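Have a look at the structure below, then the notes.
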Amino acid sequence: MRRLIPSRFLRYVRPMTNARDVLASFRALPVTGIEALTGTGPLLVLAPHPDDESLGCGGVIAEACARGETVYVTIVTDGAASHPNSQTHSRKRLQSTREQEVLAAVAELGLPPSRVSFLRLPDGRAPHRGPQFKDAVATLTRFARDNAIATICTTWQHDPHPDHLASFRLARATARSLGIRLFSYPVWGWTLSSRTWLPRAETDGFRVDVGAHLPAKRRAVACHKSQIAGLIEDDPAGFALSHEFRAIFDGPFETFIRS
């Protein structure tokens, strides 16, 4: 039988997995308590944009706060590119607005503002490598060391958004430098279609039952008014979290993948 790929190239071939199967495996992951994330020490939630912390980890943040566990939130980008055509909200104003939205959101989850920090990397252009990437890793490493972070949670590396991949790479570099645990949570990954194939997609992880905190999580998501509707009206092409997308995160479980 004739080979379709010359043998000398086989070592470069990576196995692929259909996204539909990967997401189905996520929905079947075992359910565990939050101690799987916080049992070894303080938790850092690294979110690419203001709102990702509430969508992907809002329930876990609320549960950690309710149990008196130590959790921090760091936002990677400035979030200033969501409405580029707005005349009422310049990039500087939008950055400030979105940071205030984060503080209001995490307050609904029980987290004090002193536990929130901002890297303010450019929205849509968070670095994947190079000097700016190294500087961000150094900042995160210092923060994690100073606060005895034991676990980092960030967005899934297969989320179809460059800033989400950048956040994963920042978290991975930081976790490796300190020898601490890394988990990832899907955000835009939940929207991948069956036409998408993923290389070496990890499926080892668990789900955390956050049903008791859904009301607080909904309030937290609603705090991100600039990303929902009504606050910025002069940029029809601006970004908005649709009701259908927000509904993905309105269930009793949050998913975490061992990375």
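Please enumerate the residues belonging to segment 182-195 that are at pLDDT below 95 and either crowded, with 20+ Cβ neighbours inside 10 Å or farther than 11 Å from Leu23 by Cα (or both).
The one that is at pLDDT below 95 and either crowded, with 20+ Cβ neighbours inside 10 Å or farther than 11 Å from Leu23 by Cα (or both): Arg195.
Please state which of the following conditions Ala138 fails to meet, knowing it meets all the rest: (1) touching a residue at least 24 places away in the same chain (Cβ under 8 Å); (2) assigned to a helix (DSSP H, G or I).
It is condition (1) that Ala138 fails.
Residues being out of contact with any Pro (no Cβ under 6 Å at 6 or more places or on another chain), over 20 Å from Ser114 (Cβ atoms) and among the hydrophobic types (A, V, I, L, M, F, W, C): count how many of those fall in segment 125-165.
Looking only at that region, the number is 5.
Within segment 101-122, does at least one residue satisfy the condition of being under 15 Å from Pro48 (Cα atoms), touching a His at 6+ places or on another chain (Cβ under 9 Å) and in a loop (DSSP other than H, G, I, E, B)?
No, the conditions are met nowhere in segment 101-122.
Please note which strands (runs of 3 or more DSSP E) are completely contained in segment 8-86 and include at least 1 residues that are within 30 Å of Ala229 (Cα to Cα) and touching a Leu at 6+ places or on another chain (Cβ under 8 Å).
In segment 8-86, the matching strands (runs of 3 or more DSSP E) lie at 43-47, 71-77.
Which residue out of Ser184, Ser194 is in a strand (DSSP E or B), out of contact with any His (no Cβ under 8 Å at 6 or more places or on another chain) and in contact (Cβ under 8 Å) with a residue 40 or more places away in the chain?
Just a single option satisfies the conditions, and that option is Ser184.
Which number in (1) within 25 Å of Ala62 (Cα to Cα); (2) modelled with pLDDT of 95 or more; (3) more than 15 Å from the chain's Cα centre (by Cα); (4) not acidic (Asp, Glu) marks the one condition that Gly179 misses?
So Gly179 meets the others, but not (1).
Among the residues of segment 211-222, is any crowded, with 18+ Cβ neighbours inside 10 Å and either at positive phi or not in a helix (DSSP H, G or I) (or both)?
no
Right, Val106: surrounded by fewer than 23 Cβ atoms within 10 Å (Cβ to Cβ) and either modelled with pLDDT under 95 or among the β-branched types (Val, Ile, Thr) (or both) or not?
No: the conditions fail for Val106.
The values are calculated or read from the model by the stated rules, or taken from the named source; none is laboratory data. Please read all numbers here as calculations on a predicted model, not as lab measurements. Glycine also receives a Cβ, built like all others from the backbone with ideal geometry; neighbour counts cover every protein chain displayed.
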